[in-house]
Amino acid sequence: MSVRTLGRRASFWVATAVVAHTLLASAAPSMTYRLYAAEWSLTHTMTTTMFAVFPIVVVSVLICFGDISDYIGRRTTMLAGLACSLLGTLCFAIAPTVLWIFVGRAFIGVGVGLSASPATAAMLEFRAAGQSGRASSLATLAQATGLALATVVGGALIQYAPYPTRLNYWVLLIVLVIVFGATWFVPRQPGSEVPRRWRPKVPSIPRGLGQIFAASAIATISGYAIGGLLMAVGAQIAHDLIDSDNALVNGVAIALFAVAAGVVAIPGKRLTPSAAITVGGVSSTIGMALLALSTTRHALPNFVAAATAGGIGFSLMYLGGLSLINTNAPADHRGGVLSALYFAAFAMQALIVSLLGVAATAWGLGGRGGSRRYRHCVA
């Protein structure tokens, strides 16, 4: 008996949920890094390494499996990615030692590496005719939504529910199971499989697409860099600046990045890709400067402004870069080109966050609480 599949519109929204999961799952630990640091006496280098494991694994997966969805289909690849994210989240939920955290981050990295580009490609392929701009803006909004949910809902559960280092992940596990179940009923798109033998290889760019890809990659890398900084140490910066041990308050402060990104995503689709990248680049530069200023001057308004400017910059640059790829990449190579784009973004994110961890351990984060011990009571 044949399994009934979802319609085109429903499949589009399921693919959007898979895109949202990439930041929901990857950002979920952001609010618990301080708790792990307190529980296991970890340095800034160790906590940022926890974060950096994720983009490093994503890059490794993209090297080996970047274009696999062009061969075996978007649905199959998304399911494999979601399964790995489920395993990683389970590791976090039951982690007895720091080693389990690293294993969990690695599995989530595999999950995001497998599912990010095919989910984005599936959104474009299931979109209504002539709606490529809408697909790009909704992909940006989906990532922003995932990030906001990770910090706000995670912060609320950590602060007001029992088991602050566990319950957050059990709730995420339930969400991922639902998304996995919905993805199971997504149809196999015609033309998403290429009748060629697949073999592992570095993501490549079709001839003639080099300059367009370079512009897209520079934009996406810049947006992901400031996002990585906020996710790796944002909770600690917010904690020191607000001088609050309330995880929800700190989570809301970080979520300003995602809120700003989500608010600008829809109107941003009216801009041309080049205009979106230019405006986003200026906003990201301002955001990075304000973030540095907030840590040296211990000024909460500067941090709020940094998160807002950074969110706008991430949204517009990611939107502009994605629109360039969606408009110009050939359909039978779209998964591979998107993988190459994510490859560049996550590789640079891993490098920047790792360097930040070393610097933070050596010189602190610049706030009054930079050298003090984390005070959150861990249950």
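Residues in segment 229-259 that are modelled with pLDDT of 75 or more and surrounded by fewer than 24 Cβ atoms within 10 Å (Cβ to Cβ): N246, L248, V249, V252, L256, V259.
On inspection, T183 does not qualify as surrounded by fewer than 24 Cβ atoms within 10 Å (Cβ to Cβ) and not hydrophobic (A, V, I, L, M, F, W, C). For segment 154-183, the candidate set comprises residues that are β-branched (V, I, T) and touching a residue at least 12 places away in the same chain (Cβ under 8 Å); within that set, the residue that is nearest to I325 (Cα to Cα) is T183. In this structure, T77 does not satisfy being polar (S, T, N, Q) and either closer than 29 Å to P164 by Cα or outside any helix (DSSP H, G or I) (or both). Determine whether V186 is hydrophobic (A, V, I, L, M, F, W, C), farther than 23 Å from R9 by Cβ and either modelled with pLDDT under 75 or touching a Ser or Thr at 6+ places or on another chain (Cβ under 7 Å) (or both). In short, no.
I'd like the residue in segment 53-64 that is of a type outside the set (V, I, T) and surrounded by fewer than 24 Cβ atoms within 10 Å (Cβ to Cβ) and, out of all such residues, is farthest from the chain's Cα centre (by Cα). Among them, the one singled out is C64. Checking each residue in segment 269-319 for being within 19 Å of T220 (Cβ to Cβ), of a type outside the set (A, V, I, L, M) and touching a residue at least 60 places away in the same chain (Cβ under 8 Å) picks out K269, G280, G281, S284, G287, G310, G311, G313, F314, S315, Y318. The set of residues in segment 4-49 being in a loop (DSSP other than H, G, I, E, B) and surrounded by fewer than 24 Cβ atoms within 10 Å (Cβ to Cβ) consists of R4, T5, L6, G7, S41, L42, T43. Between a residue in segment 81-93 that is in contact (Cβ under 8 Å) with a residue 12 or more places away in the chain and any residue that is surrounded by 19 or more Cβ atoms within 10 Å (Cβ to Cβ) and among the charged types (D, E, K, R), which pairs come within a Cβ distance under 8 Å, given they are 6 or more apart or on different chains? Partner pairs satisfying both residue conditions: G88/R105. Note on segment 284-308: residues that are surrounded by fewer than 24 Cβ atoms within 10 Å (Cβ to Cβ) and in a helix (DSSP H, G or I) amount to 17.
Applying a threshold of 8 Å to beta carbon distances and a minimum spacing of six or more residues, or different chains, the list of pairs starting in segment 134-153 at a residue that is within 17 Å of V179 (Cβ to Cβ) and of a type in the set (S, T, N, Q) and ending at one that is modelled with pLDDT under 90 and in a helix (DSSP H, G or I) reads Q143/L23; Q143/A261; Q143/Y318; T145/A258; T145/G262.
A count restricted to segment 260-282 and to residues that are crowded, with 18+ Cβ neighbours inside 10 Å and either assigned to a helix (DSSP H, G or I) or modelled with pLDDT under 80 (or both) stands at 13.
As for segment 143-150, it holds no residue that is modelled with pLDDT of 90 or more, buried (at least 21 other Cβ atoms within 10 Å of the Cβ), farther than 18 Å from L248 by Cα and within 20 Å of the chain's Cα centre (by Cα). All conditions but one from (1) closer than 18 Å to I94 by Cα; (2) modelled with pLDDT under 80; (3) not aliphatic (A, V, I, L, M) apply to F51; the one that does not is (1).
Each row is one residue, and each column tells you yes or no for (1) small (G, A, S); (2) touching a helix residue (DSSP H, G or I) at 6+ places or on another chain (Cβ under 6 Å).
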{"site": "P29", "(1), (2)": "no, no"}
{"site": "A37", "(1), (2)": "yes, yes"}
{"site": "L82", "(1), (2)": "no, yes"}
{"site": "L87", "(1), (2)": "no, yes"}
{"site": "A95", "(1), (2)": "yes, yes"}
{"site": "V103", "(1), (2)": "no, yes"}
{"site": "A106", "(1), (2)": "yes, yes"}
{"site": "G111", "(1), (2)": "yes, yes"}
{"site": "L114", "(1), (2)": "no, yes"}
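The values are calculated or read from the model by the stated rules, or taken from the named source; none is laboratory data. Remember, it's a predicted structure, so these values are computed and weren't measured experimentally. A quick note on method: Cβ atoms are made from the backbone with ideal geometry, for glycine too, and the neighbour counts reach across all protein chains shown.
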